[in-house]
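To keep things clear, I will list the structure first and then write my remarks on it.
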Amino acid sequence: MQPIQLQPEHDKAIRAHGVDAFPHECCGFLLGYDADDVRRIVRVTEAVNRRGAPEKHNRFTISPEAFLQAEKTARAEKLDVLGFYHSHPNAPARPSQYDVDHAWPVYSYIIVSVRDGVPEAMTSWVLQEDRSGFDPQPIAIAE
């Protein structure tokens, strides 16, 4: 499994977004490119969680319009939408069954656990081709 490489500011931004959205899930896009057996993230873009209450605390929905805008931004910068991030408020940083049921293969899915408003573990996952579950994807923070 190729690792996903984040810049330190991406790590910080994802964690901060999780804290800001707590006790609800945050969500956003990972823009970048694949090269040299590494998925390199160049930009992290926040999205609005369009999921309504009461599910917003453990589910997220990104609008089609936001996805289209992320695709346009990526294309303009000669990048691709490589995946998504979201938080798990007061839950582990591993995919839920809901995540499995709604994910797409090929994309990276970063999850940050936010416990009582404090960011903790952050992991990345890629859905298996047969959609039966996720494989862990190593995260590398660039120096």
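Miscellaneous remarks
- Order by protection proxy (mean Cβ within 10 Å, highest first), peptides 104-111, 134-141: 104-111, 134-141
- Cα-based reach from LYS56 at 18 Å (exclusive), listing lysines while leaving out same-chain residues under 8 positions away: none
- Degrees between helix 64-76 axis and first principal axis of the chain (Cα, 0 to 90, nearest 10): 30 degrees
- MRE, 222 nm, helices only [DSSP H, n ≥ 4, -39500 (n - 2.57), over the chain, to nearest 500]: -7000 deg cm²/dmol
- Between ASP36 and ASP20, the contour length at 0.36 nm per residue exceeds the alpha carbon distance by 2.3 nm.
- Rounded to the nearest 10 degrees, the angle from helix 8-21 to the longest Cα principal axis of the chain is 20 degrees.
- Exposure proxy order (Cβ contacts within 10 Å, fewest to most) of ASP34, ASP99, ASP116: ASP116, ASP34, ASP99
- Counting 0.36 nm for each residue step from GLU65 to TYR98 and taking away their Cα separation leaves a gain of 9.7 nm.
- In terms of its C-alpha gyration tensor, the range 4-141 has a rounded overall shape, because the principal axis ratio a/c (a ≥ b ≥ c, square roots of the eigenvalues) stays below 1.5.
- 5 angstrom amide H check on VAL38, placed H, neighbours 5+ away: none
- Karplus-based coupling profile of the range 119-133, in residue order and whole Hz: x, 10, 5, 10, 10, 10, 9, 10, 5, 5, 3, 7, 6, 7, x, with θ = phi - 60° in 6.51 cos²θ - 1.76 cosθ + 1.60 and x standing for Gly or Pro.
Values quoted throughout were computed directly from the atomic coordinates according to the rules given, and no laboratory measurement underlies them. Keep in mind that this is a model prediction, so the values were computed, not measured. Here the Cβ is made from the backbone with ideal geometry for all residues, glycine too, and neighbour counts use every protein chain on show.
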